[in-house]
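Colleague: Below is a structure I'd like to ask you about.
The values are calculated or read from the model by the stated rules, or taken from the named source; none is laboratory data. It should be emphasised that the depicted structure is a prediction, and the values quoted were computed from it without experimental measurement. Note: ideal-geometry Cβ built from the backbone for every residue, glycine included; neighbour counts use all protein chains shown. The area values use the complete protein model at the heavy-atom level, side chains included, leaving out ligands, DNA and RNA. Shrake-Rupley method; radii C 1.70, N 1.55, O 1.52, S 1.80 Å.
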Amino acid sequence: MTGTTSKVEQSLGPYVEHLGLQFEQVSPDRVIAGWSVRGDLLQPHGILHGGVHCAVVESVASVAADCWLGDRGMVVGVSNATDFFLPATAANGRLTSTALPVHRGATHQVWVVETVDAVGSLVARGQVRLQNLR
């Protein structure tokens, strides 16, 4: 992993560990995490559960927002809207989720997170609004 280590990243907790997120780049301006589709993350039709996408989007955006805010406080998610474009199955291999800032203000931040498959096709895109708590 490159870049700054955020407070959130230091103690991600068991849920993020269960998702299998591996943070490859963490900085105040971009966070990249790799992860894989596993059988225990599938819905009954054999594709990745949409809630997993939402959880990944919020987790990656939260690490990014927290890294940017730094010692000035902590962040909490207040809105998460995620769209799904391609079904992800175990055959997709590794997925990569990248968070980029849309807005970083005194009280709120908005981050967009795009998830692509191993060949670079857009699988999901989410936007998270986070409140800065000082």
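Colleague: Please build a GNM for the chain, connecting alpha carbons under 10 Å apart, and tell me which residue among VAL16, VAL113, VAL57 fluctuates the most.
Modeller: Maximum among the listed residues: VAL16.
Colleague: Now for a separate question. To the nearest 20 debye, what charge dipole does the chain have about its Cα centre, counting +1 at the Cβ of each Lys and Arg and -1 at the Cβ of each Asp and Glu?
Modeller: Charge dipole, the chain, about its Cα centre: 260 debye, nearest 20.
Colleague: What's the angle, to the nearest 10 degrees (0 to 90), between helix 50-69's Cα axis and the longest principal axis of the chain?
Modeller: Tilt relative to the chain: about 20 degrees.
Colleague: With every protein chain kept in place and ligands, DNA and RNA left out, what is the accessible area per residue of the chain? Probe 1.4 Å, answer in Å².
Modeller: Value for the chain: 49 Å² per residue.
Colleague: Which FRET efficiency, nearest 0.05, do GLN22 and ALA90 yield, Cβ-Cβ r, R0 22 Å?
Modeller: Working from the Cβ atoms, E equals 0.80.
Colleague: Dimensions of the chain along principal axes (Cα, Å, largest first)?
Modeller: Extents along the principal axes, in whole Å: 43, 26, 25.
Colleague: Testing the spin-label approximation: label points 7 Å from Cα along Cα→Cβ at ARG30 and ARG72. State their distance in nm.
Modeller: It is 2.2 nm.
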